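The values are calculated or read from the model by the stated rules, or taken from the named source; none is laboratory data. Remember, predicted model here, so these are calculated numbers, not experimental data. When we count neighbours, we look across all protein chains shown, and the Cβ atoms used for this are built from the backbone with ideal geometry, even at glycine. SASA here: full protein model, heavy atoms, side chains in, ligands and nucleic acids out. Shrake-Rupley method; radii C 1.70, N 1.55, O 1.52, S 1.80 Å.
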Amino acid sequence: MSKNTEELVLQRPEAIVPASDPATASKKSNMELLAERLLEGGFVLIRDEFATGLAILMRLREYVFGSKKSAADDFQSYRSKRNVYRDASNRLLVPVEGNRIALKKAPAIGWLDELYPDMSDFFLAFPQVQGLNSSWQWFLKGVRFPVLKHEIYPWHGTYFPTRFDHLMLFDNWLNQYSGNRAVAMDIGTGCGVLAFMLLDRGFKHVLATDINPNAVMTVRENARHQGLDDRIEARVSNLFDSGIFDGYGRKSDLIVCNPPWLPMDPDRDTNLLDMAIYFEPDFFDRFFSEAGRCLNENGRLVVLFSNLGQSAGMEAVHPVEEELKNNRRFGKVRMLQRKAKAPSKKTRRRDHRKDEVVELWELRFLSAGLPGRRL
Ligand SMILES: C[S@@+](CC[C@H](N)C(=O)[O-])C[C@H]1O[C@@H](n2cnc3c(N)ncnc32)[C@H](O)[C@@H]1O
């Protein structure tokens, strides 16, 4: 029987109530003046066509960044321009009426029905509408992974990988895994790709958790679509905090986690999707201090990681190496490595990634750590 019944409060772009009367915009408006108004903190409401919004954003971008990217721009000045652009562009408003974008030649975006069942007429920021549109296209098309026979259809706001090195490593590792395949846990499941691999490779039950309710919705809906929802339970949980692990009644033969790979910048505002990329300062200590109690005696903990932080020149410690060095909670069984495939030529960050190595750490539980430690 499916246990996927806990109600989910899905994340969605916030409907905007403008603090002042918005100026209205159409394709005949003076784009220069509208861009200035956005930069001065005013709101602008598009009235005719979707393309008018694109034209205003183009003007705004030129205004903020200049028509050519300046080589003199250092990282800090680029970042502050990006913040100015982000704030101003989020004051450009799109009218939604009857859960449709009330503009000519606007895309049809199913998320307006799915994510806003409680409201029908409201305003959204133009960049947020662009995000909703692109995630709707991914949802309609589905995402294919080389390690799965079926596509996954991600809900808006759900992380899905676009590079597959960690999936290939996990696939190799699973091929030689000879332990029990009764219960597994996938912590930080995202779109659920690792959880579906586990089911596909013979694990009978998988508990998949994520801090992001939209990710949990993705896993539930895809499991239902695949007829697998009696074998997978998807729940919202901040690591092991929700208590479901105690209530689950069974310990796990395997816990897999592909955590965020970069340390979080404390000055940065983070949204739920950023939580897929950046880990909080206490993430790994909490993870390692709690994972052991969910494992069977011969259970295995598999952590996927990459040296992306170090190869990007950040002062990042390696959390798995740190754990093994400083604590006696887990012991290393093996570590598999794979040189990361070079990112596409279009990616600005490719230089940081040329030395990137993706790792799979197989660990076994030794002990609960120091007496008195929270478990
Ligand atoms: C790098 S993604 C991995 C997704 C997927 N497992 C994969 O391999 O592609 C990390 C995931 O961990 C989730 N996450 C981040 N912090 C978390 C936390 N404290 N508790 C649970 N999940 C968390 C993110 O929302 C994200 O979905």
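Scanning the range 329-340 turns up no residue that is within 16 Å of the ligand (Cβ to nearest atom), open to solvent by 70 Å² or more (accessible area, probe 1.4 Å) and outside any strand (DSSP E or B). Scanning the range 89-147 for residues that are among the hydroxyl-bearing types (Ser, Thr, Tyr) and either closer than 22 Å to Pro22 by Cα or in contact with a strand residue (DSSP E or B) (Cβ under 7 Å, 6 or more places away or on another chain) (or both) yields Ser89, Ser120. Tell me, please, whether a residue that is open to solvent by 60 Å² or more (accessible area, probe 1.4 Å) and within 10 Å of the ligand (Cβ to nearest atom) can be found in the range 282-305. For the range 282-305, residues open to solvent by 60 Å² or more (accessible area, probe 1.4 Å) and within 10 Å of the ligand (Cβ to nearest atom): present. Put simply, of Trp155, Trp138, Trp173 the only residue that is in a helix (DSSP H, G or I), open to solvent by less than 30 Å² (accessible area, probe 1.4 Å) and more than 10 Å from the ligand (Cβ to nearest atom) is Trp173. With a requirement of 2 or more residues that are out of contact with any Phe, Trp or Tyr (no Cβ under 7 Å at 6 or more places or on another chain) and within 28 Å of Val358 (Cβ to Cβ), the helices (runs of 4 or more DSSP H) lying completely within the range 193-272 that satisfy it span 193-200, 213-225.
Number of residues in the range 10-24 that are modelled with pLDDT under 95 and within 31 Å of the chain's Cα centre (by Cα): the value is 3. The set of residues in the range 176-198 being open to solvent by 10 Å² or more (accessible area, probe 1.4 Å) and more than 8 Å from the ligand (Cβ to nearest atom) consists of Gln176, Tyr177, Ser178, Gly179, Asn180, Arg181, Ala182. Scanning the range 199-222 for residues that are away from the ligand (no atom under 12 Å from the Cβ) and among the charged types (D, E, K, R) gives Asp200, Arg201, Lys204, Arg220, Glu221.
Restricting attention to the range 235-261 and to residues that are open to solvent by 20 Å² or more (accessible area, probe 1.4 Å) and within 12 Å of the ligand (Cβ to nearest atom), the residue that is modelled with the lowest pLDDT turns out to be Ser242. Within the range 17-61, work out how many residues are acidic (Asp, Glu) and either open to solvent by less than 40 Å² (accessible area, probe 1.4 Å) or in contact (Cβ under 8 Å) with a residue 24 or more places away in the chain (or both). Residues in the range 17-61 being acidic (Asp, Glu) and either open to solvent by less than 40 Å² (accessible area, probe 1.4 Å) or in contact (Cβ under 8 Å) with a residue 24 or more places away in the chain (or both): 4 in total.
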